[in-house]
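One structure is given here, and the rest of the page talks about it.
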Amino acid sequence: MGRRGTPDWHLKWSEIEVQGRRATYGDAGRGTPFLFLHGWGLSDRTYKRALGRLARLGVRVIAPSLPGFGGTAALPGDEFSLEGYARWVDDFRTAIGIEGPWYLGGHSFGGGVAVVTAHEHGDDLELLVLVNSIGGSVWKASARPGADARHLADRPLWDWGLHFPYDVAGPRTFRAVVPVILRDMARNLLRDPLGFIRVGRMAGAANLLAELEELRRRQLPVVVLWGDEDKVLPAASMDAMVAAIGRDPEVVSGSHGWLLEDPDRFGEIMTNVVGVAEAARTALADERRSEIAGA
């Protein structure tokens with residue numbers, strides 16, 4: 001049990017200073033640290049049910065509110081980029097004392113930040129999990145051979161914002177999920193309207209295929225989870241990402257926010273994903289000990 005008699009897998013929220021500014025985060029569980037980054041307009045608290053399931057797997061889940069969201073101070077103007085967000089994540093990791101092997105994951109915009117973090121600051125990182133992540137860039141594949149595809153940057157931001165809360169949830173869980181998303185988006189929009197819009201534009205324009213290809217060359221294990229009813233990021237974007245990574249996605253039934261709709265399903269899938277990573281880490285440690293013993 002955690003403090004005040006709460007189970008260890010229930011997220012507990014704290015504050016810390018990162019880069020000299022206030023940051024908020026949720027923390028639960030014990031074991032290998034798993035840093036999870038939220039989507040655009042949301043916060044660490046949006047995912048508490050899904051991440052609680054993840055914490056029960058035997059890992060320590062740490063879910064920061066990214067700069068500009070959920071009470072975490074925004075990035076300064078000269079740091080406002082995916083690279084700036086990645087540097088913040090790396091400094092956050094240092095601030096809370098994560099050392100040694102760790103896992104990283106992200107949903108939607110948070111997935112894009114996770115890709116850049118893995119690419120630029122991936123020391124000791126042993127697993128990257130991308131859940132309906134930005135980065136594939138493609139909005140609509142061309143119907144004509146040889147013609148250029150339309151990119152997500154071509155989609156008007158007003159169209160993103162207008163449809164986002166309703167595209168995230170499927171019809172089966174609309175009433176349960178959408179109010180939570182609207183609440184968090186409204187709070188973040190009121191805190192920093194300009195920053196909210198700028199991050200939306202950044203997410204829409206993100207093309208991270210080169211970074212994903214480099215992670216493939218480094219042989220970092222990357223798992224792509226994708227809801228097959230996603231209306232925010234179409235299948236063409238997912239196809240571009242998995243082509244760059246060089247491995248098939250894990251496709252599940254659900255919308256862009258399927259992990260919010262069905263946290264139990266998310267927990268089941270992550271049990272397998274994390275279990276494979278933990279087994280691989282144990283096998284590598286045994287191999288190294290054998291090499292040392294035989295030297």
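The values are calculated or read from the model by the stated rules, or taken from the named source; none is laboratory data. Please read all numbers here as calculations on a predicted model, not as lab measurements. Positions of Cβ are backbone-derived with ideal geometry, glycine not excepted, and every protein chain shown enters the neighbour counts. Keep in mind that these areas ignore ligands, DNA and RNA; they rest on the heavy atoms of the full protein, side chains included. Shrake-Rupley method; radii C 1.70, N 1.55, O 1.52, S 1.80 Å.
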So how much accessible area does VAL276 have, in Å² to the nearest 10, using a 1.4 Å probe? 100 Å²
Total charge of the residues flanking ALA86 in space, meaning their Cβ is under 12 Å from its Cβ, with Lys and Arg +1 and Asp and Glu -1, is -4
On the protein heavy atoms, probe 1.4 angstrom, tell me the percent of accessible surface of the stretch 30-99 carried by carbon and sulfur. 41 percent
